[in-house]
Amino acid sequence: MADTPQPASRSIATRTGDDGTTSLLYGQRVPKDHPQIAAVGALDELNAALGFAKATRPAGSSPAEIARIQQELVALMGEVACAEANAARYDGSKFAKIDAAALARLDAAVAAIEARSPKFDGWATPGANLHAAALDLARTAARRAERQLIALPQHGRSVRPVLLQYLNRLSDLLWLLGREAEM
């Protein structure tokens, strides 16, 4: 008779969400369809889409820029996953935060691509190649995450303007990267 597998001492399956709730950053329980959870989920989808774009990049190209953006998205998710009542606690924490420097890096990346004058006529139809399509998927995920963030103040969660600016600029950058990948 085979041995019965024993549960790991620390499992990803905590079962605490079986009732349809999940935790915000500092432990407050909310429904899984809570607007902040929807926003964090959209950011998580964006991060996964960026991972796909990173995995499809041409041989010899560096993953560094996308990897840095993914790290910044983790910081953004942390801030969004914090209840309004804990915003000051989060602000005073050692967690990484999106700041003007992160926005400036995206602005510089947009300017660098625009300086190379990528060719495009009007709107693009995604799918010229796998990498360009992956970047366009990431761009649409960024726009969805942006819409989720914009809605949070209507539900009692303030959003620092730099977070919205970051996502808006990121989607611009991803659009340009997609066009550049088509060349």
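The values are calculated or read from the model by the stated rules, or taken from the named source; none is laboratory data. In this text the structure is predicted, and so the values were computed from the model without any measurement. Neighbour counts run over all protein chains shown; Cβ positions are idealised from the backbone, glycine included.
A quick yes/no check of all residues on (1) touching a strand residue (DSSP E or B) at 6+ places or on another chain (Cβ under 7 Å); (2) under 23 Å from Ser62 (Cβ atoms); (3) among the hydroxyl-bearing types (Ser, Thr, Tyr):
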| residue | (1), (2), (3) |
| --- | --- |
| Lys97 | no, no, no |
| Ser117 | no, yes, yes |
| Ala141 | no, yes, no |
| Arg169 | no, yes, no |
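When Ala85 is tested against (1) surrounded by 17 or more Cβ atoms within 10 Å (Cβ to Cβ); (2) farther than 20 Å from Ala145 by Cβ; (3) of a type in the set (Gly, Ala, Ser), exactly one condition is not met: (1).
If only residues of region 77-133 that are charged (D, E, K, R), assigned to a loop (DSSP other than H, G, I, E, B) and in contact (Cβ under 8 Å) with a residue 60 or more places away in the chain are counted, the one that is farthest from Val162 (Cα to Cα) is Lys119.
Every condition in (1) farther than 17 Å from Leu76 by Cβ; (2) surrounded by fewer than 20 Cβ atoms within 10 Å (Cβ to Cβ); (3) at pLDDT 95 or above is met by Leu135 except one, and the failing one is (2). Looking at region 34-74, which of the residues that are over 13 Å from the mean Cα position of the chain (by Cα) and of a type in the set (D, E, K, R) is nearest to Leu173 (Cα to Cα)? Filtering region 34-74 for residues that are over 13 Å from the mean Cα position of the chain (by Cα) and of a type in the set (D, E, K, R), the one nearest to Leu173 (Cα to Cα) comes out as Glu65.
Checking Arg116, Arg179 one by one, the residue that is basic (Lys, Arg), at pLDDT below 95 and exposed (fewer than 12 other Cβ atoms within 10 Å of the Cβ) is Arg116 and no other.
With free of Cβ contacts under 8 Å to residues at least 24 places away in the same chain and part of a helix (DSSP H, G or I) as the only criterion, which of Ala13, Ala67, Ala49 stands out? When all the criteria are applied, what remains is Ala67. In the condition set (1) among the hydrophobic types (A, V, I, L, M, F, W, C); (2) modelled with pLDDT of 95 or more; (3) loosely packed, with under 12 Cβ neighbours inside 10 Å, Ile12 is compliant with all but (2).
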